[in-house]
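Some notes on the structure that comes next.
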Amino acid sequence: MTSLLVIIVLVLLAIALWQLTKIFDLTQVGSTTDDSQIASDNDNNIQGYILFGFLAFIYIFTIYGLLKWGNLALHTPASEHGLLVDNLMNITWVLIFTVQVITQGLLYWFSFKNRGHKDRKALFFADSNKLEAIWSIIPSVVLACLILYGLYAWNNIMFVDKDEDVIEIELYAQQFKWTARYAGADNTLGKANVRLIEGVNTLGVDMSDKNSEDDIVVSELHIPKGKKVHFKMRSQDVLHSAYFPHFRAQMNCVPGMVTEFAFVPTYTTAEYRELPFMVEKVAKINKLRAEKSVELVAKGGTALDPYTFDYLLLCNKICGASHYNMQMKVVVDTPEDYKKWLSEKTTLAQDIKAAAAAEKPAEGAAPTGDSTAKKVEDTVKAVVDTVKAAVAKVAMK
């Protein structure tokens, strides 16, 4: 109802302004007006100054945006290749910002300098090979350098030597959660297929493959500091994207194929929490949450829990209604803590055996509710049959 009233008010306001315009036109009857539709020198001067005003707005808003929201950008990378990615990003945005400042300044300056004047005639020339060469060659060279540097960075990031000592982990994406599968002691992931999904085996791991016997499936990702981790990614349903923002890593998870990415963590979770910028950021977030909690409690709600930083694996593709909630906690441990954590986990083969054993009733155990009900049913049926036979005998006599 409120929206309808707002729309009605806006329509009435538009009608009123239109009527006021008509009234203004009537008041100008008899006065001298210029209806030639040709811009005068005064018009050109006004437009020229408006151009400079718009240029100032662009520069001021850009600087304001950098000062206001620049601190929201990701800070220190938590992987070895993160510095390379950040360096490429910084070079790109500084170059773009510099070119934007120069080209916009020149564009508006020449538009003002060569604005229309009744005593000046515009110079026309069909083409200039020199100018075309300048504005074609310079951008081409700059873009070529950026692309080559990007390819160099990409190849360094994506290269994984076959003989390199890495940890093999599979990331399995499905609406709307992540699951991780560790390769186990043999460091080789077993084969998998979605057609093999059944019961505890939610990833469709082929248990007939010997490499699958020591695979470990978990819902929280742990990786060791200083060790290269090679991720192989699958999707069960739609297109997802495995995004590790603090590790500067992202790779699409495509149904029907396996994609991969590798990186070396450089900070444990505990170390990253202690970095000065993160301590300041967490304190600021908790201050906002405390202020919000006061409002919630005053309204009879529940206070917000304090925020603690954790690395996260997110989905960076809009994969459905609960896409925003598709995340997994990532913990970077010391190598010793990582080995201890992994040694405490059971293998998928053990989980499958335990699930199968739970389905079978133990030998000598008391009858279950279903078997007891069946025996009662059989007894009642036998009694009914006996009564029927007795009644039949009496009837025959």
Practice problem: Kindly list the number of the only condition in (1) touching a Leu at 6+ places or on another chain (Cβ under 8 Å); (2) free of Cβ contacts under 8 Å to residues at least 40 places away in the same chain; (3) aliphatic (A, V, I, L, M) that fails for ALA242. | Solution: (2)
Exercise. Give the residues of the stretch 204-234 that are more than 18 Å from LYS339 (Cβ to Cβ) and within 21 Å of the chain's Cα centre (by Cα), sorted by residue number.
Key: SER219, PHE231, LYS232, MET233, ARG234
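Within the stretch 62-93, work out how many residues are part of a helix (DSSP H, G or I), over 18 Å from MET158 (Cβ atoms) and either touching a Cys at 6+ places or on another chain (Cβ under 7 Å) or open to solvent by 50 Å² or more (accessible area, probe 1.4 Å) (or both).
Total satisfying the criteria: 11.
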Quiz item: Does the stretch 267-290 contain any residue that is open to solvent by 50 Å² or more (accessible area, probe 1.4 Å) and touching a Leu at 6+ places or on another chain (Cβ under 6 Å)?
Solution: yes
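Being touching a residue at least 60 places away in the same chain (Cβ under 8 Å) and within 27 Å of the chain's Cα centre (by Cα) narrows it down to one of LEU304, LEU348, LEU313, LEU288, so name that one.
Answer to the selection: LEU313.
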Quiz item: What number of residues in the stretch 235-270 are hydrophobic (A, V, I, L, M, F, W, C) and closer than 15 Å to GLN175 by Cα?
Solution: 5
Self-check item: Single match in LYS360, LYS374 (criterion: at pLDDT 60 or above, open to solvent by 80 Å² or more (accessible area, probe 1.4 Å) and either among the small types (Gly, Ala, Ser) or under 58 Å from the mean Cα position of the chain (by Cα) (or both))
Solution: LYS360
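The values are calculated or read from the model by the stated rules, or taken from the named source; none is laboratory data. None of these values were measured; they are calculated from a predicted model. All Cβ positions, glycine included, derive from the backbone under ideal geometry; neighbour counts span all protein chains shown. Only protein heavy atoms, including side chains, enter the accessible area calculation; ligands, DNA and RNA are left aside. Shrake-Rupley method; radii C 1.70, N 1.55, O 1.52, S 1.80 Å.
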